[in-house]
Amino acid sequence: MRQKYIHLLTIVLFLTLSQDATAVYYSLSDEQVKQAIEYGEKNNDLDYIAFFSEWVMVSHEGYEWAALNTKFSILAYEAKQASLSARKLTEAQIYQSMAEVEDILSFHVVLYGNSSDFSKDYHAVLLYKNKPIQPVNEHNDTRARPTNLGIRLSVSYRATCRYDFPNYFVEPDEEVSLVILSPLNKERRFVFHLKEMR
C-alpha cells in the first residue's frame with residue numbers, strides 16, 4: 001500500500017512540475033536549442049500555419065490571425081529553412097535568430113481591410129492582468145496586397161503588421177491579449193496562453 005502511495009505521489013509531482021515547466025522560453029538552454037532545431041528539421045514539410053500552430057491564434061471570424069514569435073519558434077523556423085537547403089545552422093545563425101526577440105514579445109498579425117493602406121493608423125496594446133502594455137515597436141503594413149477571400153469579402157487587402165512589447169512585465173506562463181485598434185475603434189483581439197507555448 002505504501003509503495004502504491006509513493007508511486008502515485010511521484011506521478012502527481014511529475015505532472016505538477018511538468019505543467020509549471022511549460023511556458024514561453026525567454027532564454028533557451030542548450031537542450032531547448034537542440035529541441036527547437038530538431039522540431040524545425042523534423043517538420044520541414046509542414047506549411048507555414050501548421051508549422052507555427054502552437055504560436056498562432058485565429059480571430060473569431062476565422063481569417064485574421066496573429067503569431068507570437070518566440071526564440072524557440074524563430075530558431076525552429078530557421079532550422080526548417082536550413083534543412084530544406086540541406087544545411088545546418090551555424091552557431092552565429094543560432095545566436096542571431098534568438099537575438100531577434102531578446103527581451104520582447106513580438107507578434108506578426110495578418111489583417112484584412114478595404115484599401116492598401118487601411119492599417120497605417122492602427123495601434124496595438126498588450127493586455128496583461130487587465131493592464132495595458134504599450135509597444136516598443138509598431139510596424140503597420142501600408143502596402144497591403146489585394147486578396148480574394150471568396151464570397152465573405154468581395155474586395156479585400158491583406159496587411160502583415162508587427163508589434164513588439166517588452167517582456168519583463170509578463171510572466172512566461174500567463175495569459176496575454178493582443179488588441180489591435182483601428183482609428184474607427186474597431187477592435188481585433190487575440191488571446192495567447194503563454195503556458196501552452198515554447
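Take the conditions exposed (fewer than 12 other Cβ atoms within 10 Å of the Cβ) and touching a helix residue (DSSP H, G or I) at 6+ places or on another chain (Cβ under 9 Å) and apply them to residue 102. Does it pass? In short, yes. Looking at the stretch 98-115, which of its residues are under 15 Å from residue 26 (Cβ atoms), among the small types (Gly, Ala, Ser) and over 11 Å from the mean Cα position of the chain (by Cα)? Matches in the stretch 98-115: 99 only.
Total residues in the stretch 54-93 satisfying the condition of being crowded, with 18+ Cβ neighbours inside 10 Å and either of a type in the set (Asp, Glu) or touching a Pro at 6+ places or on another chain (Cβ under 6 Å) (or both): the figure is 2.
Applying a threshold of 6 Å to beta carbon distances and a minimum spacing of six or more residues, or different chains, the list of pairs starting in the stretch 22-39 at a residue that is more than 16 Å from residue 79 (Cβ to Cβ) and ending at one that is of a type in the set (A, V, I, L, M, F, W, C) and open to solvent by less than 50 Å² (accessible area, probe 1.4 Å) reads 23/194; 24/194; 24/197.
Only one of the numbered conditions (1) open to solvent by 20 Å² or more (accessible area, probe 1.4 Å); (2) in a helix (DSSP H, G or I); (3) not small (Gly, Ala, Ser) is not met by residue 108, and that is (2).
Each residue in the stretch 63-112 was checked for being among the charged types (D, E, K, R) and in contact with a Ser or Thr (Cβ under 8 Å, 6 or more places away or on another chain), and 3 of them qualify.
One residue is enough: does the stretch 47-62 have a residue meeting the conditions of a type in the set (Gly, Ala, Ser) and farther than 25 Å from residue 33 by Cβ? Checking the stretch 47-62: at least one residue is of a type in the set (Gly, Ala, Ser) and farther than 25 Å from residue 33 by Cβ.
The values are calculated or read from the model by the stated rules, or taken from the named source; none is laboratory data. Computed from a prediction, not measured in an experiment: that's the story for all the values here. So basically every Cβ, Gly included, is an ideal-geometry build from the backbone, and we count neighbours across all protein chains shown. These area figures cover heavy atoms from the full protein model, side chains too; ligands, DNA and RNA do not enter into them. Shrake-Rupley method; radii C 1.70, N 1.55, O 1.52, S 1.80 Å.
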